[in-house]
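Values quoted throughout were computed directly from the atomic coordinates according to the rules given, and no laboratory measurement underlies them. Note that this is a predicted model, so its numbers are computed, not measured. FYI the Cβ positions are ideal-geometry reconstructions off the backbone, even for glycines, and counts take in every protein chain you see.
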Amino acid sequence: MNRLKQKVCIVTGGALGIGRSAALLMAAEGAKVAVADIDLAGAEAVAATIRQAGGDAIALPLDALQEESIAAMVKATQAAYGRIDVLHNNVGFTDGRRDNTVLGMDWDYWDTVIQLNLKSTVFAARCVLPLMIENGGGSIINTASMAAVQGMTQPTMYATAKSGLMAFSRSVAVQYGAKGIRCNTIAPGMIMTTRAPNWPKPMLEVFRKHTPVPRFGLPEDIGHLVVYLASDESGYVTGQLFQVDGGVGIMNPTTADLLTL
Ligand SMILES: NC(=O)c1ccc[n+]([C@@H]2O[C@H](COP(=O)([O-])OP(=O)(O)OC[C@H]3O[C@@H](n4cnc5c(N)ncnc54)[C@H](O)[C@@H]3O)[C@@H](O)[C@H]2O)c1
């Protein structure tokens with residue numbers, strides 16, 4: 001109940017999916033949560049749910065494509081709660097129709113993908129770090145993807161941006177560890193969020209076949225890890241990559257076929 005008591009946590013992209021789940025779970029552990037999203041009504045709904053359950057939350061507008069909007073989110077959280085202990089950099093997306101193979105991708109889309117998935121995360125960290133250092137510490141949790149860890153047919157830009165986050169997290173961990181800052185990366189696998197209905201059925205079947213845990217992920221599978229990484233329980237954990245994907249990719253490539261013999 002109180003694993004995050006009094007901790008002030010920002011969740012970007014908190015209106016839906018993984019971010020929403022992380023916001024609700026952190027609030028249930030006593031955190032004060034700033035739910036930031038381009039969908040302000042959705043963020044308000046999450047904050048209201050938290051308050052109705054007796055927790056403390058505010059909703060903030062955020063367009064992660066705009067640096068001034070990221071800076072304003074951090075400033076507003078600091079103004080509302082007087083400190084920031086946790087930044088869950090969750091926002092991220094790509095459009096598979098524009099971001100596919102190296103030669104097939106829409107080059108005009110590159111800057112958007114890099115801004116939304118990589119630059120916005122780095123910029124948000126730059127905004128909170130001085131405040132966390134002043135407070136004596138904090139936890140930054142970045143969101144990569146299995147696409148950053150394993151080669152895939154697509155999306156190329158998204159994979160490139162997300163893999164940059166792993167190096168960035170280690171840089172933060174090394175450079176600011178002595179100031180009490182920890183920084184880790186979560187790489188989700190196939191998580192059933194708003195984007196799931198767009199996934200073609202044959203593709204889902206291929207993933208199911210190659211995943212030892214026989215189901216797709218739920219937002220809570222990531223949310224519980226966010227709570228742990230936000231809490232003091234993970235005080236000796238930094239610079240790490242956590243793959244939360246039911247084990248897809250750990251199996252010997254022959255396994256799926258052998259299981260059907
Ligand atoms: N769902 C998956 O299977 C999966 C897999 C790997 C990685 N991820 C990563 O996890 C994170 C969350 O994914 P999800 O599936 O929960 O997403 P989602 O699409 O369900 O929700 C994303 C949230 O971000 C908000 N958002 C979109 N653009 C924004 C912007 N410019 N500024 C501010 N907010 C914006 C949306 O309004 C929404 O509330 C992303 O970084 C994603 O890349 C997800």
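The Kirkwood radius of the chain, taken over pairs of alpha-carbon atoms, gives through the Stokes-Einstein law at 10 °C and 1.306 mPa s a diffusion coefficient of 85 µm² s⁻¹.
Proximity of backbone amide H atoms, modeled 1.01 Å from N, is registered between Gly138 and Ile181, Arg182 at under 5 Å, excluding neighbours fewer than 5 places apart on the same chain. Only Cα pairs under 8 Å and 6+ residues apart enter the sum, and on that basis the relative contact order of segment 8-259 stands at 19 percent. Remark: segment 195-212, residue by residue, has Karplus-estimated 3J(HN,Hα) of 7, 4, x, 7, 6, x, 3, x, 5, 4, 5, 4, 5, 4, 4, 9, 10, x Hz, where x stands for each Gly or Pro and the curve is 6.51 cos²θ - 1.76 cosθ + 1.60 at θ = phi - 60°. Annotation: amide H of Val8 within the under-5 Å range of Lys32, Asp85, Val86, sequence separation 5 or more or interchain, hydrogens built in the peptide plane. Put the Cα centre of segment 191-261 next to the Cα centre of segment 60-85 and the gap is 30 Å. Here's the list of lysines a cross-link from Lys75 could span, going by alpha-carbon distance under 19 Å and ignoring same-chain residues fewer than 8 apart: Lys7, Lys32, Lys119. With all pairs of different C-alpha atoms in the average, the Kirkwood value for the hydrodynamic radius of segment 118-211 is 14.9 Å. Highest mobility in the GNM of the chain, judged by mean-square fluctuation with C-alpha springs under 10 Å and restricted to Gly136, Gly17, Gly92, is found for Gly136.
About its Cα centre, how strong a charge dipole does the chain have in debye, to the nearest 20, once Lys and Arg get +1 and Asp and Glu get -1 at the Cβ?
Computed about the Cα centre, the dipole is about 420 debye.
By the count of neighbouring beta-carbon atoms within 10 Å, fewest first, Asp85, Asp111 end up ordered Asp111, Asp85.
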